[in-house]
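Have a look at the structure below before the remarks.
The values are calculated or read from the model by the stated rules, or taken from the named source; none is laboratory data. Everything quoted here is computed from the prediction, not taken from an experiment. Neighbour counts run over all protein chains shown; Cβ positions are idealised from the backbone, glycine included. These accessible areas exclude ligands, DNA and RNA; they are computed on the full protein's heavy atoms, side chains included. Shrake-Rupley method; radii C 1.70, N 1.55, O 1.52, S 1.80 Å.
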Amino acid sequence: TKSSLFALTLIKDHFAAAYTVDKLISIVTVLNETKGDSGEKAYLLKSLLRFSVVERLLSETLRKNNLVKYYEQLKRVLGWLKNDPHFWLQYAMALLTYDDYPKAQVLLNQAYALASKRAGYHTVQIDTQQSRLFIKLCLVNTNPMDAFKLFNDANLLLKKVPNDIHKFRQVEKYKDVYDTNYRHFGPGQKVAFEQACKAAIADIDMAISAGVITFSSTRTVQNVRSNLVTITDLISAARSV
């Protein structure tokens with residue numbers, strides 16, 4: 001078919017996920033022979049290592065199990081991936097999506113460990129996903145002290161990464177933290193949370209002014225800003241009562 005949308009639907013909905021995984025591994029094995037090439041085959045290989053690409057090709061039934069199967073097989077057929085921080089990051093992202101927090105943390109730790117051995121390796125993407133994990137853990141933690149520490153650890157990481165859509169997608173979850181955890185925070189923690197929201201608003205304003213937010217991401221970023229402003233207004237109003 002010449003329609004990519006139809007082809008995607010056909011693969012996802014009419015082939016068993018296990019079959020698709022096996023075929024993807026076969027394709028990756030062949031493409032691996034072109035590793036180091038900057039051409040189309042190398043681009044395809046890189047794409048098929050990305051969680052966001054592979055997930056779209058698998059049916060929803062037992063998707064997590066098949067993603068794990070895929071990444072475990074990738075390690076075996078492409079031995080060099082074991083030393084690639086980006087591989088462990090993509091694997092961690094797959095497990096994060098399905099809330100497998102303990103194993104996702106193990107994989108992120110592996111990504112950090114390998115990155116530390118590479119001179120000049122930037123951990124921005126790993127930091128972003130680590131912050132994502134911290135926020136997810138914050139939202140399910142019933143201990144206010146632990147929950148705030150998780151939020152604060154996430155916020156500290158996000159302060160270090162560039163002001164882009166990937167950062168602001170994590171900042172978007174500050175609204176969930178406010179709805180779920182804020183009322184249980186202590187006075188000092190509430191102040192710190194409010195300051196984090198105000199700093200995030202400032203970051204968004206700087207990113208918009210600098211023109212680094214793409215047109216397709218503008219609405220998402222503006223919605224994040226709107227939610228943060230609402231949060232700070234609610235906090236301010238409660239304080240003045």
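Quick notes
- Within this structure, D127 passes the test of being part of a helix (DSSP H, G or I), buried (at least 20 other Cβ atoms within 10 Å of the Cβ) and of a type in the set (D, E, K, R).
- The single residue among L8, L45 that is crowded, with 19+ Cβ neighbours inside 10 Å and in contact with a helix residue (DSSP H, G or I) (Cβ under 7 Å, 6 or more places away or on another chain) turns out to be L45.
- Annotation: of all residues in the stretch 73-102 being over 17 Å from R50 (Cβ atoms) and within 15 Å of the chain's Cα centre (by Cα), the one that is surrounded by the fewest Cβ atoms within 10 Å (Cβ to Cβ) is D99.
- Verdict on A113 being surrounded by fewer than 17 Cβ atoms within 10 Å (Cβ to Cβ) and at pLDDT 95 or above: yes
- Residues within the stretch 48-67 that are of a type in the set (A, V, I, L, M, F, W, C) and either surrounded by fewer than 15 Cβ atoms within 10 Å (Cβ to Cβ) or in contact with a His (Cβ under 7 Å, 6 or more places away or on another chain) (or both), tallied: 2
- Y70 open to solvent by less than 10 Å² (accessible area, probe 1.4 Å) and among the hydroxyl-bearing types (S, T, Y): yes
- Restricting attention to the stretch 142-168, the residues being open to solvent by 50 Å² or more (accessible area, probe 1.4 Å) and within 17 Å of D99 (Cβ to Cβ) number 1.
- Restricting the stretch 14-42 to residues that are at pLDDT 90 or above and either charged (D, E, K, R) or in contact with a strand residue (DSSP E or B) (Cβ under 8 Å, 6 or more places away or on another chain) (or both), the residue that is least open to solvent (accessible area, probe 1.4 Å): D22
- The stretch 169-194 - residue that is outside any helix (DSSP H, G or I) and over 23 Å from the mean Cα position of the chain (by Cα) and, of those, surrounded by the fewest Cβ atoms within 10 Å (Cβ to Cβ): G186
- Any hit, the stretch 195-211, residues being farther than 18 Å from L157 by Cα, at pLDDT below 95, touching an Asp or Glu at 6+ places or on another chain (Cβ under 9 Å) and assigned to a loop (DSSP other than H, G, I, E, B): no
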